[in-house]
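This report refers to the structure that appears directly beneath it.
The values are calculated or read from the model by the stated rules, or taken from the named source; none is laboratory data. All values reported here derive from a predicted model rather than from experimental measurement. A quick note on method: Cβ atoms are made from the backbone with ideal geometry, for glycine too, and the neighbour counts reach across all protein chains shown.
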Amino acid sequence: MTASNMTDSYGNLVSGPGKSTLKANPACVAWLATHPEWAPVPGARHYEASHRGNGVRSLDRISNGRKLTGKVLAVSVSGTSDYPKTRIVRDEGTRWTSEVHAFVLLAHAGPCPDGQETLHGPGGPLDSRYCGCDTGACAEGNLRYGTHAVNVGETIAAGRAVRPATFPCINHERCGGMVVNEGRRCLRCATEVARAATAMYRAGIDEETAARRLGYANPVWVRRLAVKYGGHDPAVRVMRRSWPHRAMATVRYRLKIGIGDTT
Ligand SMILES: [Zn+2]
Ligand SMILES: [Zn+2]
């Protein structure tokens, strides 16, 4: 092996100098050698999850008479969570959206024990490898089940603790909300702005005008709020309609050549 870091398909550090502080546990090496990478997701027989950080895949299957080819499923990270999610279909046909780490542990470690939750090791939220152990600092894996108390303790130790909201929202007199960063709007107020912006976009009002009406200088920021809290489709850009420009140009042209109504 060279000095370069090796990464898996999610870009997680699998080996190399960056992982040198973590020890390879012989028990985990043995576990990995005896457990195939892909295991079925209980309750969804057309899907399998990888314990090596390669996510969730569908299998070749027949659906409504059509032959579907299996593939590794796309993941998405929503605005409110650091953890990649994906969507599969249960045996009874209903959709099942959950974090990749939840499918991996369900397939390889079984259901989450009562009173426990998923813990992520030093690899962070994108590292969904599981190695059969519960040390929490293993070179072979990153996921395990554990109690909330352990999770909180590790989060604080890793410097990832959530800071409390201690500043008043800039709209505090009206909403009474608190924020983490001074000079910001609280979640409730940001949601109000996002919904108003989304409604304006739907009414055909362009992003610049909508931002101005809501008291923001930056239309990009308002658009982000609309996507995050207002349900606005991120693929849709709301541009100034082109016809007013064309109309203006026509008026200018008519003025220039001296025809038309100028009153
Ligand atoms: Zn391990
Ligand atoms: Zn507020």
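At a glance:
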item: Residues located in segment 74-88, provided they are in contact with a strand residue (DSSP E or B) (Cβ under 6 Å, 6 or more places away or on another chain) and in contact (Cβ under 8 Å) with a residue 24 or more places away in the chain; result: Val75, Tyr83, Thr86, Ile88
item: Residue among Pro36, Pro40 that is modelled with pLDDT of 75 or more and either in a loop (DSSP other than H, G, I, E, B) or among the hydroxyl-bearing types (Ser, Thr, Tyr) (or both); result: Pro36
item: Checking Ile205 against (1) modelled with pLDDT under 85; (2) β-branched (Val, Ile, Thr); (3) more than 24 Å from the chain's Cα centre (by Cα), the condition it does not meet; result: (1)
item: Looking only at segment 103-119, and only at residues there that are at negative phi and part of a loop (DSSP other than H, G, I, E, B), the one that is surrounded by the fewest Cβ atoms within 10 Å (Cβ to Cβ); result: Asp114
item: Ile170 being modelled with pLDDT under 95, in contact with a strand residue (DSSP E or B) (Cβ under 9 Å, 6 or more places away or on another chain) and of a type in the set (A, V, I, L, M); result: yes
item: Any hit, segment 112-133, residues being farther than 27 Å from Gly43 by Cβ and of a type in the set (Val, Ile, Thr); result: no
item: Selection within segment 185-204 - crowded, with 18+ Cβ neighbours inside 10 Å and more than 9 Å from ligand 2 (Cβ to nearest atom); result: Val193, Ala194, Ala197, Thr198, Met200, Tyr201
item: Segment 43-82, residues that are of a type in the set (Ser, Thr, Tyr) and in a strand (DSSP E or B); result: Tyr47, Ser50, Ser58, Ser63, Ser76
item: Leading residue by the ranking (surrounded by the most Cβ atoms within 10 Å (Cβ to Cβ)) among those in segment 63-102 that are modelled with pLDDT under 90 and of a type in the set (Val, Ile, Thr); result: Val75
